[in-house]
Amino acid sequence: MNVLLFGATGMVGQGVLRECLLDDRVTGVRAVVRGPLEVSHPKLTALVHTDFTDFTALEGEFADVDACFYCLGVTSAGKREEEYRRITHDYTLAAARALPVRPQAPPTFVYVSGDGTDSTEQGRLMWARVKGRTENELLAMDFHAYMFRPAYIHAVHGEVSRTPAYRRLYPVLSLLFPLLRRLAPGRVTTTENIARAMLAVAGRNGGGEHVLRSPEIDRAAREGR
């Protein structure tokens, strides 16, 4: 399996990259990044690219991709809707449209969305509407699309968020993770489980549920081991 990865330097992306490099089913990982990666591995190729609205220059690198794991995202805090929509919706759809069109063997696109996403696109919360629109358009495209909607994500292998506020908050939440898992098991998952679930759904050939929240993510991770 050739994997295309977006967001490799973020917390979720770090976990996904780790599992892809460890998994024997993955023959190669191409990480689209804005600058050099600190990680090196025989299976890893960093594709340095700056314009995330146009991937024409990378068409050759995308041609034989079997699965795209899209982990790129930003917090909506302090952002106007136009800016948030450009990063969350426009960048994602540009990546999706750059994937090869193969009717006989369509690639899989896994998008990390979020718990509370608004599929109606009509709700009060700006971020939820934008993610809802993004999900809806991805699900209508000519590939196998899966939407992951985790709530709290626990980092298990030292992954670190790039958002300063999250970096300050996560050490406290990590201490509370065992309690959170007992009190709200349906609203927590881990970076490892998200990664393993992505690999699992990439092998489903379009089958199974296409919108996965934390319980479904964890179940897919167990099935894919």
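The values are calculated or read from the model by the stated rules, or taken from the named source; none is laboratory data. What you see is a predicted model; the values in this text were computed from it and never measured. Positions of Cβ are generated from backbone atoms using ideal geometry, with glycine treated the same way; all protein chains shown enter the neighbour counts. Remember, those area values only see protein heavy atoms, side chains included, never the ligands or the DNA or RNA. Shrake-Rupley method; radii C 1.70, N 1.55, O 1.52, S 1.80 Å.
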Checked pairs for region 204-219, first part of a helix (DSSP H, G or I), second charged (D, E, K, R), C-beta under 8 Å and 6 or more apart or across chains, list as S214/D115; S214/R149; S214/R187; E216/E209
Selection over region 73-87 where residues are open to solvent by less than 50 Å² (accessible area, probe 1.4 Å) and either in contact with a strand residue (DSSP E or B) (Cβ under 8 Å, 6 or more places away or on another chain) or outside any helix (DSSP H, G or I) (or both) yields a count of 2
Among V160, V110, the single one that is hydrophobic (A, V, I, L, M, F, W, C) and open to solvent by less than 60 Å² (accessible area, probe 1.4 Å) is V110
A careful count of residues in region 1-28 that are within 18 Å of T75 (Cβ to Cβ), buried (at least 23 other Cβ atoms within 10 Å of the Cβ) and β-branched (V, I, T) gives 1
Exactly one of H144, H154 is farther than 20 Å from T189 by Cα and surrounded by 15 or more Cβ atoms within 10 Å (Cβ to Cβ), and that one is H144
Residue set A96, A155; condition touching a helix residue (DSSP H, G or I) at 6+ places or on another chain (Cβ under 8 Å), within 28 Å of R222 (Cα to Cα) and either of a type in the set (F, W, Y) or modelled with pLDDT of 95 or more (or both); output residue A96
Counted residues in region 31-57 being open to solvent by 20 Å² or more (accessible area, probe 1.4 Å) and either closer than 16 Å to L21 by Cα or touching a His at 6+ places or on another chain (Cβ under 9 Å) (or both) come to 12
Of the residues in region 46-63, those that are within 18 Å of the chain's Cα centre (by Cα) and outside any loop (DSSP other than H, G, I, E, B) come to A46, L47, F62
Among residues of region 117-141 being in a helix (DSSP H, G or I) and touching a Phe, Trp or Tyr at 6+ places or on another chain (Cβ under 8 Å), the residue most open to solvent (accessible area, probe 1.4 Å) is W127
Per the filter on region 173-203, residues part of a helix (DSSP H, G or I) and within 21 Å of L139 (Cβ to Cβ) are I194, A197, M198, L199, A200, V201, A202
Of the residues in region 170-185, those that are loosely packed, with under 15 Cβ neighbours inside 10 Å and within 18 Å of Q14 (Cα to Cα) come to P171, S174
Next on the checklist: Kindly evaluate I217 against the criterion of being among the β-branched types (V, I, T) and modelled with pLDDT of 95 or more.
Outcome noted: yes
Exception for D24 within (1) of a type in the set (D, E, K, R); (2) more than 26 Å from N193 (Cβ to Cβ); (3) in a loop (DSSP other than H, G, I, E, B) falls at (2)
With criteria (1) farther than 21 Å from L17 by Cβ; (2) at pLDDT 95 or above, P185 comes up short on (2)
Within the bounds of region 181-199, is there any residue that is over 30 Å from E38 (Cβ atoms), over 16 Å from the mean Cα position of the chain (by Cα) and among the aliphatic types (A, V, I, L, M)?
yes
